[in-house]
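Shown next, in structure tokens, is the structure this report addresses.
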Amino acid sequence: MVNEKIMTQEFNKIEKVKGELSLPGDKSISHRAVIFSCMAKGTSKIENLSNGEDVRSTLKCFGELGVKSKWENKKLIIEGKGFKNFNAPLNNLDAGNSGTTARLLAGFLSAQPFESTLIGDESLSQRPMKRVIEPLSLMGAKFSTSSKQTLPLTIHPAEKLSPIIYDMPVASAQVKSALLLTGLHLEDETCIIESEQTRNHTEVMLGLRVEEKKGKRFIFSSRKNYPSAQNYFVPSDISSAAFFTVLTLLAKNSEVILRHVSLNETRTGIISVLKAMGAIIEIINQQTSNNELYGDLIVRSSELHSIEIYKEIIPNIIDEIPILSVASVLGSGKFEIRNASELRVKESDRISALVHNYKLLGLDVEEFPDGFSASGTIQNENPIFESFHDHRIAMAFAILSMFLQNGGSISNFDCVKISNPQFLEQVESLTK
Ligand code: S3P
């Protein structure tokens, strides 16, 4: 009881927001910058790395494999081990809450000449690993796991690995990246085929060959693409920026500048959807680093209306759906999403989490296997929302609470540390 109280975070109604934020690095790009730096031989430097727990989990796993790293002038310096030069781990590799760590490392570890076991927290231990186990096994990787094919997952050294041509049955950048990482250890090319484009940081950062034919993308990796040591600048996390973007759009008389936000085209669906809803978002100072585009966003108070969300854009906005629903419910009084069953296997079952919290507000809510709808007038002006220990649910309802007459509270709010430990300070700096 006491514990629950300590972790419940209250948010009061806000009037306006103003200021500027330089958010820490994008979580997906940070994971990859760490993994590629550890794989490369020699010294790499990473600037503006995500300070969330998830990326820390990736770095900790590589620490178990003998990689040394240290912080110097706010940059992470990594001494990469080079091709198959890692130490066999003495302990389990703990991916914590991070699906990206578990799935990408499953691919990387499949190509190593030692046994290793990936474990995770309660949430991650329920998330599907079959989606990586199946195609990696086709390449010759050897696993043992429970009949449910969830963590713990033991990866045995493979007798022989061979490249595959794999047409992805689920739209998942984690699965794609796991296979491409294994492919980096093989002389001949592995080819991944995507019908629905997912985030492309792995191929962009490694400079992989990508061909487009008849609406499909063919992505190739082989030993010649194995990463070398380099300096990285990680653009700010667009998924974290989305919370402050929606906060500014919904507040009156407000303007916020978000600096050097990732503008990778496989991630900017949230900006396109919000603009189609009437959002005023200006993009300036565009630049690239490590082939990744970024720029500053100027966001202003806007009148939002709801729009239909098409199937094709779902993989691009998959992590932003919780906050997008808040923008739509508060901006226009309704929201509907379909074709998004992947939301059920994220850090929480995000469909049932969103449905639960919108019901608390007294809205008309309908749940579907692949989505939900919410509409109507808010009845409860001081709810206690449940985070379901899911950082994006916690932050989405934190933003919503700031527009309720009497504010709102979020239980187990500390889970925001997964992607953005400084969320509260950032809110405070814009509202003071
Ligand atoms: C990620 C891919 C997405 C996304 C996750 C990060 C990545 O997951 O939801 O937050 O960095 O590759 P899926 O691959 O399961 O779609």
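The values are calculated or read from the model by the stated rules, or taken from the named source; none is laboratory data. Nothing here was measured: the structure is a model prediction, and the numbers come from that model. Here the Cβ is made from the backbone with ideal geometry for all residues, glycine too, and neighbour counts use every protein chain on show. Heavy atoms of the whole protein, side chains included, go into the accessibility calculation; ligands, DNA and RNA do not. Shrake-Rupley method; radii C 1.70, N 1.55, O 1.52, S 1.80 Å.
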Run Gln174 past the list (1) over 17 Å from Phe108 (Cβ atoms); (2) not in a loop (DSSP other than H, G, I, E, B); (3) not β-branched (Val, Ile, Thr) and report the number of the one that doesn't hold.
(1)
Subset of segment 201-231, residues more than 16 Å from the ligand (Cβ to nearest atom), touching a strand residue (DSSP E or B) at 6+ places or on another chain (Cβ under 6 Å) and under 12 Å from Thr190 (Cβ atoms), comes to Arg209, Phe218, Phe220
Looking only at residues that are closer than 17 Å to Ile323 by Cα and more than 23 Å from the chain's Cα centre (by Cα) in segment 359-377, which one is surrounded by the most Cβ atoms within 10 Å (Cβ to Cβ)?
Ala374
For residues in segment 288-307 being among the charged types (D, E, K, R) and buried (at least 17 other Cβ atoms within 10 Å of the Cβ), which is nearest to Gly25 (Cα to Cα)?
Glu292
Residue in segment 164-179 that is surrounded by the most Cβ atoms within 10 Å (Cβ to Cβ), counting only those that are within 11 Å of the ligand (Cβ to nearest atom) and not hydroxyl-bearing (Ser, Thr, Tyr):
Ala178
Checking Lys70 against (1) open to solvent by 20 Å² or more (accessible area, probe 1.4 Å); (2) more than 16 Å from the ligand (Cβ to nearest atom); (3) closer than 29 Å to Ser125 by Cα, only one condition comes out false. Which one?
(3)
Could you go through segment 98-116 and let me know if any residue there is under 19 Å from the mean Cα position of the chain (by Cα), within 17 Å of Thr150 (Cβ to Cβ) and part of a loop (DSSP other than H, G, I, E, B).
yes
Residues to consider are Thr58, Thr100; find the one that is open to solvent by less than 10 Å² (accessible area, probe 1.4 Å), touching a residue at least 40 places away in the same chain (Cβ under 8 Å) and within 16 Å of the ligand (Cβ to nearest atom).
Thr58
Cβ-Cβ distance below 6 Å, separation of 6 or more or different chains: which pairs start in segment 308-328 with a residue that is open to solvent by less than 10 Å² (accessible area, probe 1.4 Å) and end on one that is basic (Lys, Arg) and within 14 Å of the ligand (Cβ to nearest atom)?
Pro322/Arg392
